[in-house]
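The values are calculated or read from the model by the stated rules, or taken from the named source; none is laboratory data. Since we're looking at a predicted model, the values are computed, not measured. Quick reminder, even Gly has a Cβ in these numbers, built from the backbone with ideal geometry, and neighbours come from all protein chains shown. For the accessible areas, the whole protein counts, side chains as well, though only heavy atoms, and no ligand, DNA or RNA atoms are used. Shrake-Rupley method; radii C 1.70, N 1.55, O 1.52, S 1.80 Å.
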Amino acid sequence: MILCVGVAADPTFVHGIRALARAGARFDVVDLPSLALYGDLHIPLDDLRNTRIRTGGGGPEISLTEVRGVWARPLNVCAAAPDPRSAHRADGQYQALCRLLEAVELPVLNPPLREASNAGKVLHCVSLAPVAGWRIPRSCLTNDPGTALAFVRDCPHGAVFKGASAAKTWATLFRAEHERLLPRLVRSPTLFQERIAGPDVRVHAVGGQAFGELIHSRELDYRTARGTNRYTTITVPAGIREGCRRLVAATRVPFLGVDFKIEEATGEWFFLEANSMPCYEGYDLRADGAISRALAQWLTSKGPGDTTV
């Protein structure tokens, strides 16, 4: 049986569950808000595989002894709890499950604490790019206005800026009118990068497989455009595919959403980031479900003690 741990209001989580259903896999679902409000979690520290989860509301009690793999997209929902007690339970259960899924000997897609370098984007890039053998855009993380301005002026094709943490952020082209805002950097360190003029690529790596999509957009950050982007499924070049395989092996995270820019003038690929909890359903729909089928195959082909990626 595959255990699915996440939030029923998360469309990516639901998309993964539907993939398991289409594959004919047997699974149980733990919705974290329902667990906090109505259920119980019992983790014996001396025998993690005997963990029991009671979802409440008439749902079954789940024992990890019956689980052969885990589809995990845990989100901490404590901020949305209706009262302090429920918030405390939600936070405690989330923290406990994240640590359980890191430690238990089960195939987990993805262990939620396994790849945390994306909490700092520069650290993330400089840590992972050498593993895969990729270049990254010239970058500057600073809270000094003078340093930022000097970096921007030294970028012949322009510069972009974005948030430096794991919080969702939009890439923005630096323009002359942004200079007057630079004093705000003192309280808000920001990541500046040399602009790479060309299309985006998202590669979803699932174990040893890689699924690529080329994205042409009128906007600098294609995620801000609606209805005007051009998406094309591509065969991932061998060098990029091998780099993705090395990233999966090095991070021990079986499912990564890897972002690139291709410099139009030279055709060179630049690594931006590797998301260990990607919202992949839009890419999957355009790929006719290929990513979901690979995820379902990964989960259903593993034995209970097989923790290889």
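Evaluate segment 275-286: report whether one residue or more is in contact with a helix residue (DSSP H, G or I) (Cβ under 8 Å, 6 or more places away or on another chain), among the aliphatic types (A, V, I, L, M) and closer than 26 Å to ILE136 by Cα. So far as segment 275-286 goes, no, none of its residues is in contact with a helix residue (DSSP H, G or I) (Cβ under 8 Å, 6 or more places away or on another chain), among the aliphatic types (A, V, I, L, M) and closer than 26 Å to ILE136 by Cα.
Within the span defined as segment 184-204, every residue fails to be assigned to a helix (DSSP H, G or I) and more than 29 Å from ASP154 (Cα to Cα).
Could you say whether any residue in segment 9-17 is without any contact (Cβ under 8 Å) to a residue 60 or more places away in the chain, within 20 Å of the chain's Cα centre (by Cα), surrounded by fewer than 15 Cβ atoms within 10 Å (Cβ to Cβ) and within 24 Å of GLY282 (Cα to Cα)?
Yes, because at least one residue in segment 9-17 is without any contact (Cβ under 8 Å) to a residue 60 or more places away in the chain, within 20 Å of the chain's Cα centre (by Cα), surrounded by fewer than 15 Cβ atoms within 10 Å (Cβ to Cβ) and within 24 Å of GLY282 (Cα to Cα).
For segment 137-148: of the residues being touching a helix residue (DSSP H, G or I) at 6+ places or on another chain (Cβ under 7 Å) and polar (S, T, N, Q), which is least open to solvent (accessible area, probe 1.4 Å)? For segment 137-148, the residue satisfying everything is THR142.
Within segment 151-169, residues that are in contact (Cβ under 8 Å) with a residue 12 or more places away in the chain reach partners that are part of a helix (DSSP H, G or I) with beta carbons closer than 6 Å, at six or more positions or on different chains, in the pairs ALA159/VAL152; ALA164/LYS121; ALA166/ASN118; ALA166/ALA119. Scanning segment 194-211 for residues that are open to solvent by less than 60 Å² (accessible area, probe 1.4 Å), touching a helix residue (DSSP H, G or I) at 6+ places or on another chain (Cβ under 9 Å) and not small (Gly, Ala, Ser) turns up GLU194, PRO199, ASP200, VAL201, ARG202, VAL203, HIS204, VAL206, PHE211. Taking segment 156-177 as the range and being surrounded by fewer than 16 Cβ atoms within 10 Å (Cβ to Cβ) and either aromatic (Phe, Trp, Tyr) or not in a strand (DSSP E or B) (or both) as the test, the residues that pass are PRO156, HIS157, GLY158, ALA167, LYS168, THR169, TRP170, ARG175, ALA176, GLU177.
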